[in-house]
Every structure is written in structure tokens, then in C-alpha cells.
1. Restricting to segment 231-248, name every residue that is surrounded by fewer than 16 Cβ atoms within 10 Å (Cβ to Cβ) and under 18 Å from the mean Cα position of the chain (by Cα).
2. Residues to consider are 249, 224; find the one that is away from the ligand (no atom under 12 Å from the Cβ), under 20 Å from residue 127 (Cβ atoms) and small (Gly, Ala, Ser).
3. Among 126, 188, which is within 10 Å of the ligand (Cβ to nearest atom) and either crowded, with 18+ Cβ neighbours inside 10 Å or in a strand (DSSP E or B) (or both)?
4. Taking residue 25, is it within 16 Å of the ligand (Cβ to nearest atom), in contact with a strand residue (DSSP E or B) (Cβ under 7 Å, 6 or more places away or on another chain) and not β-branched (Val, Ile, Thr)?
5. Checking residue 199 against (1) over 17 Å from residue 44 (Cβ atoms); (2) out of contact with any Lys or Arg (no Cβ under 7 Å at 6 or more places or on another chain); (3) within 15 Å of the ligand (Cβ to nearest atom), which test does it fail?
6. Using beta carbons and a limit of 6 Å, which pairs, at least six apart or on different chains, have the first residue in segment 160-185 and in contact (Cβ under 8 Å) with a residue 40 or more places away in the chain and the second one part of a loop (DSSP other than H, G, I, E, B)?
7. Going through segment 61-82 one residue at a time, which ones are of a type outside the set (D, E, K, R), open to solvent by 90 Å² or more (accessible area, probe 1.4 Å) and in a helix (DSSP H, G or I)?
8. Can you spot a residue in segment 204-211 that is surrounded by 21 or more Cβ atoms within 10 Å (Cβ to Cβ), within 11 Å of the ligand (Cβ to nearest atom), modelled with pLDDT under 95 and outside any helix (DSSP H, G or I)?
Amino acid sequence: MKIRKAVIPAAGFGTRFLPLTKSMPKEMLPIINKPVIHYVVEEAVRSGIKDILIITATGKRAIEDYFDHNADLEQHLGKNNKNKELNEINIFADDVYIHFIRQKEQKGLGHAVSLAKKFVGNEPFVVLLGDDIIKSKKHATKQMMDVFEEKQATIIGVEEVPKERIEKYGVIDGEKLKENLYLIKSLVEKPKLKDAPSNIGIIGRYILMPQIFECLEKIKPGAGGELQLTDALVLLQKTQEMYAFVFDGKRYDTGNPEGWLKTNIEYAMDDECLREKLKLKELLE
Ligand code: G1P
């Protein structure tokens, strides 16, 4: 089975970023001059995926506009010979299709993913959370797709999480097969520290087998009163093998002011021009 499709849930309220998210999707926050979701879509595309479904909600129109053509702007840039800018706004090749669907009620990540059922059909697919970006030599999604080639099973991206943050994550219990691969024994969404089975937290990348949709139909509201993807994974794990993969790279959670600022500083550090202009090295000393 080959992976051809990706789903990007981007429907959450973004409460960690209020009041800004009253009128602006958190996925449109800039990391330097591109919105967070640009990096997420780019990761999928550069990993070889050409069909991408973004799940949005009320108040998220800016995401749809960002991936659409803007004929007036293109004409204006063309007339003024601004070719560099013109190239920059035509983000992806014409054979990349970005589809949208709206989640009418924000009932949680599990519910958002369940809306992708028609789009996905009966094939394995990738889920990339819309506010997690990962900097790595080889894209994290591609790394996971390579593991999938061999395992042909659900693969969940994970990393070690500091104790004080464990309650914010889905957490796995697993048997270590290799330095970066676990066979999952159980999963739990946002456990209390004392109940957490390990310090291995789920980050925003998943390769899911299509049977996840049957499991999503069965779950009840869980942590935070929401329909949780992790709870559907618990059901799926009872019927098929599931792996957790520690990707090579650095993950940034941009969905809160601290994480977003940190991401911008680190991306600016990577840009020679910005690093010099802002005297970032001196600033951070
Ligand atoms: C979601 C998932 C959780 C995962 C986290 C990673 O939670 O439900 O399992 O650990 O993303 O960012 P959220 O951050 O949307 O509450």
C-alpha cells in the first residue's frame, strides 16, 4: 500500500493564543514571512503527497485564501516585473491539489479526522497537525513513510517530553524495538503525570490505516470533553499492530505565544541576513 493523501486538521479555536485567534487562525501566524500551515503543507508535498485535505472551521477563511490564486495580485506583480515575488506566491506545482472541508462544530481532533473519511477512502494516509512544524534534514513525514513501507501499519510520530508537560500530550507505552522505534502496547490522551505510562509523547504526525474511521465512529468524548484521536487509536491498537517512531528533527509547537516566538527566533537564526541584522547572537547571550 502506498501513501498518496494527507489530512491537516486546522479547525481548533486556538484558545492558547487568544485574543488574537478571535479573528485570525493560529495556523496563519507567521514564521518569518510564511504562515505556520505553509511549512506543514510543504512537508507533505516534499514528502511526495499531492492530495491534501485541510479541515477548517468558521473564522478560518484566511487559510483557504492563502492556498488559492490571487489573480489581481499576480497581475500586479507581473506588470511590475516582480518575478521573484510572483514565484513566491505560486507556492506549489499545479499537480498538487489542496482540498478543504469545514468542521461545523468543533468537537475535537478525533471528530475533525473523521470528516476525512470520504476523501481518504480505503487507503492509509498521513495526518499532520496544523500547528506543529518540524525542522529536519529529511522531512519527518517522509521518514515515517519509509518506516511504513516496511511495516505497512499505523505509525505515530513521538518524542520524549519533559515531565512537567506530559499532561498536554497523548502518551504511549511501548516495547522498544530499535533506538527510534517502539511497538505500541497502549496509549492514553493527556494523562496525569502519575498515570502516564512513559515520557514518550505523541507529536503532530501520524500515518493511519483506514480502519481508524471505524474506530472514530465508536469513541465517546474523552479528555477535555472532546472526541480524541488517541482514543480511536486505543481501539485500533487492539486489532492491529501499531508503531511509534522517534523522528530525526526538531519539533516546534507554534500554537502558543512562547512556542511561536521561540520558533521565529530559531528560524531567524538560520537566516544569515536576519541573524546579522537583528544581532541575534548578541541578543541571546
Ligand atoms: C493533540 C493530540 C495529542 C498530541 C498533541 C501534539 O493534542 O490530541 O495526543 O500529543 O496534539 O501536539 P492538542 O495539542 O491538540 O490538545
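1. If we filter segment 231-248 for residues that are surrounded by fewer than 16 Cβ atoms within 10 Å (Cβ to Cβ), which is where we start, we get 238-241, 248.
If the condition is that a residue be surrounded by fewer than 16 Cβ atoms within 10 Å (Cβ to Cβ) and under 18 Å from the mean Cα position of the chain (by Cα), then 248 is the only one that fits.
2. Numbers: 224 fails: away from the ligand (no atom under 12 Å from the Cβ).
Only one candidate qualifies: 249.
3. Every option except 188 fails the conditions.
4. Values: within 16 Å of the ligand (Cβ to nearest atom): yes; in contact with a strand residue (DSSP E or B) (Cβ under 7 Å, 6 or more places away or on another chain): no; not β-branched (Val, Ile, Thr): yes.
No.
5. In the conditions (1) over 17 Å from residue 44 (Cβ atoms); (2) out of contact with any Lys or Arg (no Cβ under 7 Å at 6 or more places or on another chain); (3) within 15 Å of the ligand (Cβ to nearest atom), residue 199 misses (2) alone.
6. Listed pairs, sorted by first residue: 160/199; 161/169; 161/199.
7. Of the residues in segment 61-82, the ones of a type outside the set (D, E, K, R) are 62-63, 66-67, 69-71, 73, 75-78, 80-81.
Remaining after also requiring open to solvent by 90 Å² or more (accessible area, probe 1.4 Å): 69, 75-76, 81.
Result: 75, 76.
8. Here is the first cut: in segment 204-211, the ones surrounded by 21 or more Cβ atoms within 10 Å (Cβ to Cβ) are 204-209.
Now narrow it down to the ones that are within 11 Å of the ligand (Cβ to nearest atom): 204-206.
Checking which are modelled with pLDDT under 95 leaves us with 204.
Now drop any that are not outside any helix (DSSP H, G or I), which leaves 204.
The answer is yes, given that some residue of segment 204-211 is surrounded by 21 or more Cβ atoms within 10 Å (Cβ to Cβ), within 11 Å of the ligand (Cβ to nearest atom), modelled with pLDDT under 95 and outside any helix (DSSP H, G or I).
The values are calculated or read from the model by the stated rules, or taken from the named source; none is laboratory data. Computed from a predicted model, the values in this text were never measured in an experiment. Positions of Cβ are backbone-derived with ideal geometry, glycine not excepted, and every protein chain shown enters the neighbour counts. Just the protein is used for accessible areas: all its heavy atoms, side chains included, with ligands, DNA and RNA removed. Shrake-Rupley method; radii C 1.70, N 1.55, O 1.52, S 1.80 Å.
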